[in-house]
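Colleague: One structure coming up, written as structure tokens, with questions to follow.
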Amino acid sequence: MSKKITVTLAGQIFTIINQDDLNYVEEIAGQVDRKIKYVQRENEHFSITAAAVLSCMDFCDDLNKMQKEIIDRNRELFDEKEKNSVLTEQIKGLMSEIQTLKLKLGETETKEEENVSTTEGAYVENLIDSADKKENEQQTVNEENKRPAKKEYVPRNNRKRNRKKAEDINEQS
């Protein structure tokens with residue numbers, strides 16, 4: 001719905017038919033009036049028409065500069081958005097790689113624990129096999145000689161220590 005709005009610009013009365021709010025139109029008219037008066041003060045020999053034309057050119061210049069600035073900022077925003085998009089994809093890829101590496105690390109640690117357990121068990125079995133072999137060899141020698149086998153003298157402290165080591169190894173496995 002169009003309205004008739006009366007404004008004063010550079011001492012002249014104008015009736016404007018517009019759909020905008022009264023306050024908005026009066027605000028715009030006030031800006032134009034101030035600009036014309038400023039141009040007239042700076043150039044006293046200019047007529048009102050010349051001051052109005054220069055004011056229009058000044059407003060158009062400001063408008064064009066602002067439009068260019070908006071376009072430049074939109075380009076910058078678009079470029080930043082593109083950079084953010086690329087960085088977001090890189091972050092997603094790195095997060096995926098981290099998860100994969102965590103899984104591999106867990107698998108590796110599990111395998112290492114199994115290997116350590118197997119190695120300790122094999123070590124204990126080797127000790128037992130070695131002890132059994134020595135015992136069997138001693139029995140064979142004793143049977144061949146048909147005399148009672150001499151026990152090798154092992155000091156009491158060493159026997160306790162050897163038993164303690166064997167028990168520790170069995171507990172670990």
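Colleague: So which of Lys164, Lys104, Lys134 is within 52 Å of the chain's Cα centre (by Cα) and modelled with pLDDT of 70 or more? Even if it seems obvious, please write down each step before you answer.
Modeller: Values: Lys164 fails: within 52 Å of the chain's Cα centre (by Cα); Lys134 fails: within 52 Å of the chain's Cα centre (by Cα).
That would be Lys104, the only listed residue that is within 52 Å of the chain's Cα centre (by Cα) and modelled with pLDDT of 70 or more.
Colleague: Quick check on Lys35: is it charged (D, E, K, R), modelled with pLDDT of 90 or more and under 30 Å from Met1 (Cα atoms)?
Modeller: Details: charged (D, E, K, R): yes; modelled with pLDDT of 90 or more: yes; under 30 Å from Met1 (Cα atoms): yes.
So Lys35 fits the description; yes.
Colleague: Just a yes or no: is a residue in region 28-42 touching a strand residue (DSSP E or B) at 6+ places or on another chain (Cβ under 7 Å) and free of Cβ contacts under 8 Å to residues at least 24 places away in the same chain? Full working, then the answer.
Modeller: Residues of region 28-42 that are touching a strand residue (DSSP E or B) at 6+ places or on another chain (Cβ under 7 Å), as a first pass: 29, 32-33, 36.
From what is left, the residues that are free of Cβ contacts under 8 Å to residues at least 24 places away in the same chain are 29.
Yes, region 28-42 contains a residue that is touching a strand residue (DSSP E or B) at 6+ places or on another chain (Cβ under 7 Å) and free of Cβ contacts under 8 Å to residues at least 24 places away in the same chain.
Colleague: Still on this structure: Give the residue that is farthest from the chain's Cα centre (by Cα), with candidates limited to residues of region 5-20 that are of a type in the set (A, V, I, L, M) and surrounded by 10 or more Cβ atoms within 10 Å (Cβ to Cβ). Even if it seems obvious, please write down each step before you answer.
Modeller: First pass over region 5-20, keeping only residues of a type in the set (A, V, I, L, M): 5, 7, 9-10, 13, 16-17.
Among the residues that remain, those that are also surrounded by 10 or more Cβ atoms within 10 Å (Cβ to Cβ) are: 5, 7, 9-10, 16.
Values: Ile5: 57, Val7: 58, Leu9: 58, Ala10: 60, Ile16: 57 Å.
Top of the filtered list is Ala10.
Colleague: Please pick out the residue among Ile48, Ile28 that is under 20 Å from Leu63 (Cα atoms) and surrounded by 12 or more Cβ atoms within 10 Å (Cβ to Cβ).
Modeller: Working: Ile48 fails: under 20 Å from Leu63 (Cα atoms).
Exactly one residue qualifies, and that residue is Ile28.
Colleague: When you check Glu125 against the structure, is it of a type in the set (D, E, K, R), modelled with pLDDT of 70 or more, closer than 22 Å to Glu114 by Cα and surrounded by 10 or more Cβ atoms within 10 Å (Cβ to Cβ), yes or no?
Modeller: Details: of a type in the set (D, E, K, R): yes; modelled with pLDDT of 70 or more: yes; closer than 22 Å to Glu114 by Cα: yes; surrounded by 10 or more Cβ atoms within 10 Å (Cβ to Cβ): yes.
So Glu125 passes the test.
Colleague: Here is a follow-up. Evaluate region 57-66: report whether one residue or more is surrounded by 14 or more Cβ atoms within 10 Å (Cβ to Cβ) and aliphatic (A, V, I, L, M).
Modeller: no
Colleague: Turning to a different aspect of this structure: When you scan region 72-90, do you find a residue that is part of a helix (DSSP H, G or I) and under 30 Å from Ile5 (Cβ atoms), even just one? Break it down stepwise before answering.
Modeller: Step one: filter region 72-90 for residues part of a helix (DSSP H, G or I), giving 72-90.
When the remaining residues are screened for being under 30 Å from Ile5 (Cβ atoms), the result is none.
Taking every residue of region 72-90 in turn, none turns out to be part of a helix (DSSP H, G or I) and under 30 Å from Ile5 (Cβ atoms).
The values are calculated or read from the model by the stated rules, or taken from the named source; none is laboratory data. A quick note: this is a predicted structure, and the numbers were derived from the prediction, not measured. For neighbour counting, all protein chains shown are included, and Cβ atoms are generated from backbone atoms with ideal geometry for every residue, glycine included.
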